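Colleague: Please read through the structure below; I'll follow up with questions.
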Amino acid sequence: MRTEAALPKAGCAEPVVLRERGQHEVFCGLTGIVWMHRKIQDAFFLVVGSRTCAHLMQSAAGVMIFAEPRFATAVMEERDLAGMADANEELDKVVSRLLERRPDIRMLFLVGSCPSEVIKLDLSKAAARLSRSYAPNVRILSYSGSGIETTFTEGEDRCLAALVPELPEALNDAPALLVVGALADVVEDQFARLFAAMGLENVGFLPPRRSSALPAIGPNTKILLAQPFLTETARALAERGATHIPAPFPLGAEGTTAWLLAAANAFGVDPMAFRAATAAPKARAERALEPFREALSGKTIFFMPDSQLEIPLARMLSRELGMVPIEIGTPFIHRAHLMQEMPMLPEGVAISEGQDVDRQLDRVRAARPDLTVCGLGLANPLEAEGLTTKWSIELLFTPIQGYDQASDLANLFARPFDRRTRLRV
Ligand code: SF4
């Protein structure tokens with residue numbers, strides 16, 4: 001028996017999108033290591049890059065000084081860049097020293113950067129060569145986090161896409177659900193409990209918490225994306241036979257319900273079982289959002305293109321908290337992944353894809369929104385001009401998906417107003 005509950009009503013079917021091609025102001029894909037290294041607990045990320053890359057990692061993840069970090073940078077010196085040293089030989093030495101010192105590492109990612117790309121260091125070949133030496137104890141993979149190729153959330157996409165060929169083949173034809181996208185462990189546990197309560201048992205998560213727990217995949221695997229920026233990963237999973245479940249993303253009470261419902265519908269979950277599993281946490285999330293709705297309703301918001309989370313966020317903030325998006329800028333729009341989200345945006349809202357930072361800043365200054373969501377590099381200058389800002393990167397470092405996190409997500413948008421009010425007192 002299939003569930004009959006419907007997805008939320010659409011606002012407008014096909015919004016007009018302004019395409020911008022110009023100067024970008026976005027972190028590179030190396031930044032993804034900051035949240036990915038916390039997720040796969042026996043993996044290590046070795047950036048093959050320059051001192052600039054090392055500084056970025058250090059400042060983006062400064063808190064790690066208290067722990068044995070699970071990432072590092074193999075710094076390419078001038079001799080490497082000038083082609084005077086054999087970069088492959090140097091890399092083999094670094095990897096050998098690292099794996100000797102850290103026997104706990106079971107999966108090593110070689111992460112490409114702008115400098116390794118410029119000198120055309122082939123990290124996929126290096127990973128294959130090193131894998132032959134260290135298998136079966138350590139799996140060695142590679143992907144690019146370079147700023148030439150990736151924006152900051154695409155680092156996660158490239159990392160997960162590199163994992164897909166490693167996933168074991170499903171041993172039987174049993175239908176399976178695979179949730180794709182890094183979620184905080186606490187959020188993953190909540191979703192696992194909700195799926196179990198609906199009667200869905202064969203549920204896997206990518207990335208897994210340990211490299212030895214890679215989920216199996218086969219033609220009866222259906223994938224539910226937890227993040228909107230996983231284009232390459234979804235494509236690689238489709239090539240392995242998996243099918244995509246179109247769904248809004250699990251942000252807010254409504255978004256989480258619609259996301260869970262899409263999975264429930266795909267597996268023919270009984271509507272009563274779905275309601276029994278979701279009614280109480282949904283009601284709790286809606287209650288938790290009420291005070292934020294009072295504080296945020298009617299406030300205007302402008303999204304600079306940064307994380308690719310902008311469209312689902314704007315949907316949640318407008319529908320559940322009454323905020324008014326003026327412009328939703330996003331680096332890329334993957335229409336198949338956002339087909340449930342786009343019609344839920346307020347009718348007539350301006351949407352821009354790509355970036356031309358100066359033109360966008362002109363529009364921000366003209367509109368003077370109550371809140372601007374942007375990268376770190378733009379926040380300080382805009383604050384200095386009297387505008388209130390929110391760093392988009394915080395939305396990746398904070399657990400925001402699911403019912404129990406709905407109020408934390410709302411609070412991230414309420415806090416900049418509190419801060420500004422306190423500064424004025
Ligand atoms: S990969 Fe490129 S953009 Fe990223 S820190 Fe290194 S040099 Fe800068």
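The values are calculated or read from the model by the stated rules, or taken from the named source; none is laboratory data. Source: prediction; values computed, not measured. Cβ coordinates were reconstructed from backbone atoms using ideal geometry, including for glycine residues, and neighbour counts include every protein chain displayed.
Colleague: On the basis of being assigned to a helix (DSSP H, G or I), surrounded by 15 or more Cβ atoms within 10 Å (Cβ to Cβ) and of a type in the set (Gly, Ala, Ser), does residue 279 make the cut?
Modeller: no
Colleague: Do we have any residue at all in the stretch 60-75 that's modelled with pLDDT of 90 or more, surrounded by fewer than 22 Cβ atoms within 10 Å (Cβ to Cβ) and away from the ligand (no atom under 16 Å from the Cβ)?
Modeller: No, that holds for no residue.
Colleague: Next question. List the helices (runs of 4 or more DSSP H) that sit entirely inside the stretch 304-409 and contain at least 1 residues that are at pLDDT below 95.
Modeller: The helices (runs of 4 or more DSSP H) meeting that bar are 335-338, 357-367, 376-384, 394-397.
Let's see how each residue does on (1) surrounded by fewer than 23 Cβ atoms within 10 Å (Cβ to Cβ); (2) touching a residue at least 40 places away in the same chain (Cβ under 8 Å); (3) among the basic types (Lys, Arg):
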{"residue": "127", "(1), (2), (3)": "yes, no, no"}
{"residue": "139", "(1), (2), (3)": "yes, yes, yes"}
{"residue": "151", "(1), (2), (3)": "no, yes, no"}
{"residue": "167", "(1), (2), (3)": "yes, yes, no"}
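Colleague: Could you tell me how many of the residues in the stretch 288-346 are surrounded by 23 or more Cβ atoms within 10 Å (Cβ to Cβ) and among the basic types (Lys, Arg)?
Modeller: Of the residues in the stretch 288-346, 1 are surrounded by 23 or more Cβ atoms within 10 Å (Cβ to Cβ) and among the basic types (Lys, Arg).
Colleague: For the stretch 112-143, give me each residue that is within 9 Å of the ligand (Cβ to nearest atom) and in contact with a Gly (Cβ under 9 Å, 6 or more places away or on another chain).
Modeller: Those that are within 9 Å of the ligand (Cβ to nearest atom) and in contact with a Gly (Cβ under 9 Å, 6 or more places away or on another chain): 112, 113, 114, 115, 116.
Colleague: Please work out if residue 184 is within 29 Å of residue 50 (Cα to Cα), at pLDDT 95 or above and more than 16 Å from the ligand (Cβ to nearest atom).
Modeller: no
Colleague: Continuing with this model, one more query. Could you look through the stretch 410-425, keep only residues that are assigned to a helix (DSSP H, G or I) and among the hydrophobic types (A, V, I, L, M, F, W, C), and pick out the one that is nearest to residue 195 (Cα to Cα)?
Modeller: Filtering first and then ranking leaves 410.
Colleague: Taking residue 353, is it acidic (Asp, Glu), touching a residue at least 12 places away in the same chain (Cβ under 8 Å) and at negative phi?
Modeller: yes
Colleague: Among the residues of the stretch 210-247, which ones are assigned to a loop (DSSP other than H, G, I, E, B) and loosely packed, with under 15 Cβ neighbours inside 10 Å?
Modeller: Scanning the stretch 210-247 gives 210, 219, 241.
Colleague: Please name all residue pairs, on different chains or six or more residues apart, with Cβ atoms under 7 Å, provided the first residue is in the stretch 32-47 and is assigned by TED's automatic domain parsing to the domain that holds residue 106 and the second residue is within 13 Å of the ligand (Cβ to nearest atom) and β-branched (Val, Ile, Thr).
Modeller: Close Cβ pairs (under 7 Å, with a partner that is within 13 Å of the ligand (Cβ to nearest atom) and β-branched (Val, Ile, Thr)) amount to 33/111; 45/33; 45/111; 46/111; 47/73; 47/111.
Colleague: Please determine whether any residue of the stretch 253-274 is in a helix (DSSP H, G or I), more than 27 Å from residue 336 (Cα to Cα) and either over 18 Å from the mean Cα position of the chain (by Cα) or assigned by TED's automatic domain parsing to the domain that holds residue 412 (or both). Outline the logic, then answer.
Modeller: From the stretch 253-274, those in a helix (DSSP H, G or I) are 253-266, 271-274; that's our starting set.
Keeping just the survivors that are more than 27 Å from residue 336 (Cα to Cα) gives 272-273.
With either over 18 Å from the mean Cα position of the chain (by Cα) or assigned by TED's automatic domain parsing to the domain that holds residue 412 (or both) added as a condition, the list becomes 272-273.
Yes, the conditions are met somewhere in the stretch 253-274.
Colleague: Write out, first by first residue and then by second, each pair whose Cβ atoms fall under 7 Å of each other, whose residues are 6+ apart or on separate chains, and whose first residue, in the stretch 236-249, is more than 17 Å from residue 173 (Cα to Cα) while the second is of a type in the set (S, T, N, Q) and assigned to a loop (DSSP other than H, G, I, E, B).
Modeller: Pairs that qualify, where the first residue is more than 17 Å from residue 173 (Cα to Cα) and the partner is of a type in the set (S, T, N, Q) and assigned to a loop (DSSP other than H, G, I, E, B), are 246/340; 247/340; 248/340.
Colleague: Follow-up. If you take just the helices (runs of 4 or more DSSP H) that sit entirely in the stretch 86-185, which of them hold at least 3 residues that are assigned by TED's automatic domain parsing to the domain that holds residue 38?
Modeller: Values: elements: 87-101, 114-118, 123-134, 154-163.
Hits in the stretch 86-185: 87-101, 114-118, 123-134.
Colleague: If I go through the stretch 293-315 residue by residue, how many of them are within 26 Å of the chain's Cα centre (by Cα) and over 29 Å from residue 26 (Cα atoms)?
Modeller: Adding up the residues that qualify gives 1.
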